1. Among what's in the range B:179-213 and is of a type in the set (A, V, I, L, M, F, W, C) and over 20 Å from the mean Cα position of the chain (by Cα), pick the residue that is modelled with the lowest pLDDT.
2. Scanning for something surrounded by fewer than 20 Cβ atoms within 10 Å (Cβ to Cβ), modelled with pLDDT of 90 or more, within 11 Å of chain A (Cβ to nearest Cβ) and assigned to a helix (DSSP H, G or I), does the range B:40-50 turn up at least one residue?
3. Specify which of the listed residues (A:GLU90, A:GLU61) is surrounded by 13 or more Cβ atoms within 10 Å (Cβ to Cβ), more than 11 Å from chain B (Cβ to nearest Cβ) and at pLDDT 85 or above.
4. Can you find a residue in the range B:9-28 that is surrounded by fewer than 16 Cβ atoms within 10 Å (Cβ to Cβ), at pLDDT 85 or above and in a loop (DSSP other than H, G, I, E, B)?
5. Just the residues that are of a type in the set (A, V, I, L, M, F, W, C) and outside any loop (DSSP other than H, G, I, E, B), please, taken from the range A:80-104.
6. Condition first: among the aromatic types (Phe, Trp, Tyr) and either in a loop (DSSP other than H, G, I, E, B) or modelled with pLDDT of 90 or more (or both). Can you find one or more residues in the range B:124-131 that meet it?
7. Tally up the residues in the range B:132-177 that are modelled with pLDDT under 95, closer than 12 Å to B:ASN100 by Cβ and surrounded by fewer than 14 Cβ atoms within 10 Å (Cβ to Cβ), please.
8. Pick out the one residue from A:ARG46, A:ARG103, A:ARG35 that is within 12 Å of another protein chain (Cβ to nearest Cβ) and in contact with a His (Cβ under 8 Å, 6 or more places away or on another chain).
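The values are calculated or read from the model by the stated rules, or taken from the named source; none is laboratory data. All of these numbers come straight from a predicted model, not from anything done at the bench. No Cβ is skipped: glycine too gets one built from the backbone with ideal geometry, and neighbour counts run over all protein chains shown.
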Amino acid sequence: MTSNESVVRPEPFVVDVPPPRANGEIVFDAPWQSRLFGLTAALAEREALSWADVQSALIAEVQVGDHDTGTPSGYWQCWLRAVGRLEVVETEVWSDLVDELSRREVGHDHRH
Amino acid sequence: MSHDHDHDHDDHHHEQDPLALRVEALEQLLVERGLVDPQRVDALIQHYEEDLGPLNGATVVAKAWTDPAYRARLLADGTAAIAELGFGGAQGEMMVVVENTDDVHNVVVCTLCSCYPWPVLGLPPSWYKSPEYRARAVSEPREVLREFGTELDESVDVRVWDSSAEIRYLVLPAQPAGTEHLGMEELAALVTRDSMIGVRQPLSSEPEKAGSAA
């Protein structure tokens, strides 16, 4: 384990709406879920967002009630939507994300 | 037997989980904006999966090595002693700490699934969940330990503990010889995740080998 890499010391992530666990373990049941978590942690580390913001957005998403947060898929879908509410994502990438997704989903360039 | 196969990259995208696509696109845009570095994302995921928990467990072990009264409490009631240091699962399962000695070596497995003391050891390593480890740790533990590089004298009694949703086991490894002068932090750095599962010994404080001690 190399501890000489400058900073692997992110602040502990604590949210009031904890991720689902199976027998105590945090559960990612698809790679996109851990990737999403890693992206969030990377943004938090750069102070592009704060865990408190993530928490507030996540609570708001849970209250919308579109997803069953007792399942990994539902929980991380909520997390994804919560990330979309965060200022950094909303202002920096949201409109491009919509474009990029429609391009990928349609499978051809689809510029407006 | 390669044949041309250039028709389906878009098909592949169509078949991909839309949520995966969305996260992939999000990452791409964040990278393009210079807001995240993909290698850093990898490192953070690894950190949360592998390092964060074991640090908690290592603190517990180092404390037990340096404080005999704490060690006694830890062996008597693992859950309470671990909670003293601020660690514990919200799920409230019981933690039992088993101590390695000159005569006994403990190994933890979960034969049913992958029960694991997440609050102190973080996310379980992938091999811990493998059917092979779960079966062989019970049927041939010495051989499994050997494959991890842990050679034990035949006189050492190997005990395999089967974790469950109700009881999680944590191995208290034996303190490496010659480390009595070290402080908590230095000792904690010697305690690896694998040593608390019991498949390896803790690190030695000697950088290379024992032969060149002063």
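1. If we filter the range B:179-213 for residues that are of a type in the set (A, V, I, L, M, F, W, C), which is where we start, we get B:182, B:184, B:187-191, B:196-197, B:199, B:203, B:210, B:213.
From what is left, the residues that are over 20 Å from the mean Cα position of the chain (by Cα) are B:182, B:210, B:213.
Values: B:LEU182: 94, B:ALA210: 35, B:ALA213: 31.
Among those residues, the one meeting the criterion is B:ALA213.
2. Yes: the range B:40-50 contains one or more residues that are surrounded by fewer than 20 Cβ atoms within 10 Å (Cβ to Cβ), modelled with pLDDT of 90 or more, within 11 Å of chain A (Cβ to nearest Cβ) and assigned to a helix (DSSP H, G or I).
3. On the way: A:GLU90 fails: at pLDDT 85 or above.
Just one listed residue meets the conditions, A:GLU61.
4. no
5. Going through the range A:80-104, the residues of a type in the set (A, V, I, L, M, F, W, C) turn out to be A:80, A:82-83, A:86, A:88-89, A:93-94, A:97-98, A:101.
Across the range A:80-104, the qualifying residues are A:LEU80, A:ALA82, A:VAL83, A:VAL88, A:VAL89, A:TRP94, A:LEU97, A:VAL98, A:LEU101.
6. Filtering the range B:124-131 down to residues among the aromatic types (Phe, Trp, Tyr) leaves B:127-128.
Filter once more, so that each one left must be either in a loop (DSSP other than H, G, I, E, B) or modelled with pLDDT of 90 or more (or both): none.
Checking the range B:124-131: not a single residue is among the aromatic types (Phe, Trp, Tyr) and either in a loop (DSSP other than H, G, I, E, B) or modelled with pLDDT of 90 or more (or both).
7. 0
8. Numbers: A:ARG46 fails: in contact with a His (Cβ under 8 Å, 6 or more places away or on another chain); A:ARG35 fails: in contact with a His (Cβ under 8 Å, 6 or more places away or on another chain).
It is A:ARG103.
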